[in-house]
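The values are calculated or read from the model by the stated rules, or taken from the named source; none is laboratory data. All of these numbers come straight from a predicted model, not from anything done at the bench. Positions of Cβ are generated from backbone atoms using ideal geometry, with glycine treated the same way; all protein chains shown enter the neighbour counts. Side chains are part of the model used for accessible areas, which takes the heavy atoms of the whole protein and leaves out ligands, DNA and RNA. Shrake-Rupley method; radii C 1.70, N 1.55, O 1.52, S 1.80 Å.
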Amino acid sequence: LTYQGRTVRFDAFPMGIDARSFAEQAESDPVLAEVARIRSESSSQRLVLGVDRLDYTKGIVGRLHAIALLLEREPDLRGRLRFIQIAVPSRANVPEYGRLTDEVNRLVGSINGRFGSASSVPVHYLYRSVARSDLVAMYRAADVMLVTPLRDGMNLVAKEFVASRVDEDGVLVLSEFAGAASEMGEAILVNPYDVDQMAAQISQALLMPAEERRERMRALRRRVFDYDAHRWAETFIDELERTREFAPAPTLRLSSRRELAELEQRLRSAGSMVLFLDYDGTLVPFARLPELAWPDHALRDLLTQLGRSERIDVHVVSGRQRELLERWFGDLPIGLHAEHGLWSRLPGGIWSQPLAVDNTWMERVRALLRQFAMRVPGSFVEEKTAALAWHFRSADPEFGEWQARELQTHLTHALSNVPVEILLGDKVVEVQPHGINKGLVVRRLSASTANAVAVALGDDQTDENLFAALPESGIGIHVGPRPSRAQYRLSDVAAARALLWRLVAPEVEAYTAGSADKRVTLFGSPE
């Protein structure tokens, strides 16, 4: 994520446990003796285990309802099923947790009253902390482990159970809403909100053949041991080191005050100058809809002053349609270039299309873009003379970016043999004929730039062609945080306008950008 000139990386690092220490403890003599004692006490009973902090997110209430439903459905399990629930006290002074404690106690009593006998009760509820050695012994002794939180970031209990099963036996029943579920697909995954399904899955776990149990457990153990706490820490540190590879290039830093002061002096002292100015994101901020980004009075005044200067030729080079540019700027003494250079109009002249283009591909692409416009609320298709653009600025940001990548893949396959280019702009995917780009404008006006300083300002990928076409003595100025080949970088639209004002009015220290109370200096920071 690039934000305010800074690039931040996000990634997922699923936490592991010290699996080897759990395995070693599971084979220690004290634990083996405790396992033998638990199994002796359970006799012919099947042992089901739950280990949780007493918290309403852990799904203990739903789990108890599932045990009750299982015993009701399968009478043969009564007297043969022993469910041990360890609940570690948590936030005992909070009223909500006090009510949860009461509800769990009530359910345990109800289940034992309904399905217990003089010699056996189905639920053994331990409301206390347990020593790790005793916990590992219970992990090893259990036939089925229930880890069924309503929501959990990870849940390491599931991994502890697996690491402790050195005998490669036992079945893990795991909530699909625990983070660990994405790593532990060999477990029986359940929806903890669906009590009926949970009861059925516990029954399946109890009836699972020995070979299937071992096959699942072997796969789980490989993953838990491969991605243990040590591997997690190493991966995290390695990725921190690797961020150097993804760190912003030197060009991503904003040009310093000294650099901009030297640039300003160079431009002021130039005998003549040709300005190539992008519009959206450079002269005006982006709007949710393209037609809403009309020029304010301050911008029109700025372009008028630039256009009237005897030493400056001004050209607005935009992806916009020529009709819109004509409506906004047709009365100003500046050159206009629409649809990335397909259409051009010199100051006071008429629009011309220097290049002929093949539009036979457009119908096929139009149908695809409209499909995505229907699929993504807030997106729409913009049609130009020889280009089509899918805008998603008003769509859900995450969904829009995802669908933009999908669209790019579809377009790449659909147009593999068609002479067109796929341009990725700011919240827009555009398709246009190959060879049509903003660099054409610079090349067409090369005679005008021969003895003048050529200066280009732009903010996105389409403007890189503009910078690339500049003569060797030309000056590229990038606006915003994206990577660029331009030599200079300004923070935002306000800073770009401030620089342009300085070229025609050195005595003006600042100008108003859209509101009377926001004065912005050359460097884009409030005065």
Residue check, Thr360 out of contact with any strand residue (DSSP E or B) (no Cβ under 8 Å at 6 or more places or on another chain), open to solvent by less than 30 Å² (accessible area, probe 1.4 Å) and either among the hydroxyl-bearing types (Ser, Thr, Tyr) or at pLDDT below 90 (or both)
no
Please count how many residues of the range 167-201 are touching a Phe, Trp or Tyr at 6+ places or on another chain (Cβ under 9 Å) and part of a loop (DSSP other than H, G, I, E, B).
6
Can you find, within the range 291-307, the residue that is nearest to Ile334 (Cα to Cα) among those that are part of a helix (DSSP H, G or I), open to solvent by 20 Å² or more (accessible area, probe 1.4 Å) and in contact (Cβ under 8 Å) with a residue 60 or more places away in the chain?
Gln305
Does the range 168-176 contain at least one residue that is among the hydrophobic types (A, V, I, L, M, F, W, C), touching a Leu at 6+ places or on another chain (Cβ under 9 Å) and open to solvent by 50 Å² or more (accessible area, probe 1.4 Å)?
no
Only one of Glu430, Glu472, Glu401 is among the acidic types (Asp, Glu) and touching a strand residue (DSSP E or B) at 6+ places or on another chain (Cβ under 6 Å); which?
Glu430
Inside the range 107-130, the number of residues satisfying the requirement of being open to solvent by 50 Å² or more (accessible area, probe 1.4 Å), assigned to a loop (DSSP other than H, G, I, E, B) and not charged (D, E, K, R) is 6
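Report yes if some residue within the range 85-100 is outside any helix (DSSP H, G or I), buried (at least 18 other Cβ atoms within 10 Å of the Cβ) and among the polar types (S, T, N, Q); otherwise report no.
Yes: one or more hits.
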Residue list for the range 363-379, filter: buried (at least 18 other Cβ atoms within 10 Å of the Cβ) and either assigned to a loop (DSSP other than H, G, I, E, B) or modelled with pLDDT under 90 (or both)
Val376, Ser379
Got a sec? Which of Ala298, Ala287, Ala270 is of a type in the set (Gly, Ala, Ser) and under 28 Å from the mean Cα position of the chain (by Cα)?
Ala287
Across the range 336-349, the tally of residues that are part of a helix (DSSP H, G or I) and either open to solvent by 30 Å² or more (accessible area, probe 1.4 Å) or of a type outside the set (Asp, Glu) (or both) stands at 2
Does the range 318-335 contain at least one residue that is surrounded by fewer than 17 Cβ atoms within 10 Å (Cβ to Cβ), under 30 Å from His410 (Cα atoms) and of a type in the set (D, E, K, R)?
no
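Could you look through the range 416-427, keep only residues that are more than 12 Å from Thr462 (Cα to Cα) and open to solvent by 60 Å² or more (accessible area, probe 1.4 Å), and pick out the one that is modelled with the highest pLDDT?
Of everything passing the filter in the range 416-427, Pro419 is modelled with the highest pLDDT.
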Look through the range 35-57, keep the residues that are part of a helix (DSSP H, G or I) and open to solvent by less than 40 Å² (accessible area, probe 1.4 Å), and return whichever of them is modelled with the lowest pLDDT.
Ser42
Across (1) touching a residue at least 24 places away in the same chain (Cβ under 8 Å); (2) over 15 Å from Phe286 (Cβ atoms); (3) in a strand (DSSP E or B), Ile422 clears everything bar (1)
If I go through the range 428-474 residue by residue, how many of them are surrounded by 20 or more Cβ atoms within 10 Å (Cβ to Cβ) and either of a type in the set (Gly, Ala, Ser) or farther than 19 Å from Ala389 by Cα (or both)?
18
Filter the range 308-334 for residues that are free of Cβ contacts under 8 Å to residues at least 24 places away in the same chain and either aromatic (Phe, Trp, Tyr) or not in a helix (DSSP H, G or I) (or both) and give the result.
Glu310, Gly330, Asp331
Cβ pairs under 8 Å, 6+ apart or interchain, first in the range 117-133 and closer than 12 Å to Ile86 by Cα and touching a residue at least 40 places away in the same chain (Cβ under 8 Å), second among the charged types (D, E, K, R) and not in a loop (DSSP other than H, G, I, E, B), ordered by first then second residue, are His124/Arg82
For the range 84-98, indicate whether the set of residues that are of a type in the set (D, E, K, R) and under 42 Å from the mean Cα position of the chain (by Cα) is non-empty.
yes
Out of all the residues in the range 211-234, which are more than 19 Å from Ala12 (Cβ to Cβ) and open to solvent by 40 Å² or more (accessible area, probe 1.4 Å)?
Glu211, Glu212, Arg213, Arg214, Glu215, Arg216, Arg218, Arg222, Phe225
Can you pull out the residues in the range 300-314 that are farther than 19 Å from Arg266 by Cβ and not aliphatic (A, V, I, L, M)?
Arg300, Asp301, Thr304, Gln305, Gly307, Arg308
